[in-house]
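Asker: Please find one structure pasted underneath; my questions will follow.
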Amino acid sequence: MSEQRTLDRSAIARQKAAQTKNRRTQARLFESAMHHVTAPRRAQQQITVASICKEAGVSSTAFYYQFEHGVAELLGEVLDRSMRRVRRQIARDIERELSSPDYRVAIAVYRVVEELFRYPNLFEVETVPRRWVQLIAQPLAEAIVSDDRDLEDHPGMVIAEYHANAIIGLLGRDYTPSFEFFSKLVVSQIIPVLGMADPEFGDRWQQLVHSLPPI
C-alpha cells in the first residue's frame, strides 16, 4: 500500500511539473508573439513559427505541441484576449455615457480601431483566418444590435464582418492612415449603412470619443 502511495505521489509530481512547464512555454510563446505584433512596422516580413520560436527560445516541436495549427492559432489567441478586453471597455463606456445607438457604434469602432493600432504587425500572415474577422466583428455587432438576440445570423453581424474585413485590409497595407483618420473613415462608412445618423452626428461623435479614457 505504501509503495502504491509513493507511486501515486510521484505520478502527481510529474504531472504538476509537466503542467508548469507547459504554462511557462505558453507564456514565452505568447510574450514572443506580443513582441512580434507590437514591434515597429516591419517591411513585408511575415510572422513565422521560426521567428517566434527563436525569440522565445522554444523548439518548433514545443510550439506545435501548444498550438498545433501554427502561427494563426497563437496570434488568434492574442487577438481573442485583445477583443475581450475591448468589449469590456466598450460596455463601461456605453454605461457611463448612456449613449444613443449612433454613439454605441461610434464608441465600438473607436475602441476596436484604437486596440488594433497597438498591433501593427498582427496581419502580417499569409491568410487571415475567418475567426479573426469574427473576433473583430463581435464588438461592432454587439453595438449595432444592442440587445440579447443571437448575433450569428443577424444582419448586424453581416454588416460588422464586412467592416471588420475592411479594417483588416486597410491595416494590412504598406501605408496605414493615422488613427484619427482611420477611425473617422470607418465610422463615416458604417453609420450611413445602418441608416442611423442624424445630421449633426458627424461633428458630435468625435467630441464623445475624444472624451473617453484610454483602455
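The values are calculated or read from the model by the stated rules, or taken from the named source; none is laboratory data. Quantities reported herein were computed from a predicted structural model and do not represent experimental measurements. A quick note on method: Cβ atoms are made from the backbone with ideal geometry, for glycine too, and the neighbour counts reach across all protein chains shown.
Asker: Against the definition (part of a helix (DSSP H, G or I), in contact with a helix residue (DSSP H, G or I) (Cβ under 7 Å, 6 or more places away or on another chain) and among the small types (Gly, Ala, Ser)), how does residue 166 come out, yes or no?
Answerer: So residue 166 does not fit the description; no.
Asker: Please go through the range 159-188 and give me each residue that is under 24 Å from residue 126 (Cα atoms), at pLDDT 80 or above, of a type outside the set (Asp, Glu) and surrounded by 13 or more Cβ atoms within 10 Å (Cβ to Cβ), ordered by number.
Answerer: Listed by number, the residues that qualify are 160, 162, 163, 164, 165, 166, 167, 168, 170, 171, 182.
Asker: Another question, if that's okay. Picking from 81, 92, 88, which residue would you name as being over 17 Å from the mean Cα position of the chain (by Cα) and either within 28 Å of residue 144 (Cβ to Cβ) or at pLDDT below 90 (or both)?
Answerer: None of the others qualify; the one that does is 92.
Yes or no, residue by residue, for (1) more than 14 Å from residue 75 (Cβ to Cβ); (2) touching a strand residue (DSSP E or B) at 6+ places or on another chain (Cβ under 7 Å); (3) modelled with pLDDT under 90; (4) not assigned by TED's automatic domain parsing to the domain that holds residue 157:
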residue	(1), (2), (3), (4)
97	yes, no, yes, no
103	yes, no, yes, no
107	yes, no, yes, no
116	no, no, no, no
127	no, no, yes, no
132	no, no, no, no
139	yes, no, no, no
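Asker: Would you check if residue 194 is within 16 Å of residue 119 (Cα to Cα) and either within 18 Å of the chain's Cα centre (by Cα) or modelled with pLDDT of 65 or more (or both)?
Answerer: The answer is no for residue 194.
Asker: Can you list residue pairs whose Cβ atoms sit under 6 Å apart, with the first residue in the range 44-58 being of a type in the set (D, E, K, R) and the second being part of a helix (DSSP H, G or I)? Count only pairs 6 or more apart in sequence or on different chains.
Answerer: 55/32
Asker: Being touching a residue at least 40 places away in the same chain (Cβ under 8 Å), more than 16 Å from residue 94 (Cα to Cα) and buried (at least 17 other Cβ atoms within 10 Å of the Cβ) is the filter here, so list the residues in the range 121-148 that pass it.
Answerer: 121, 122, 123, 124, 125, 128, 132, 135, 136
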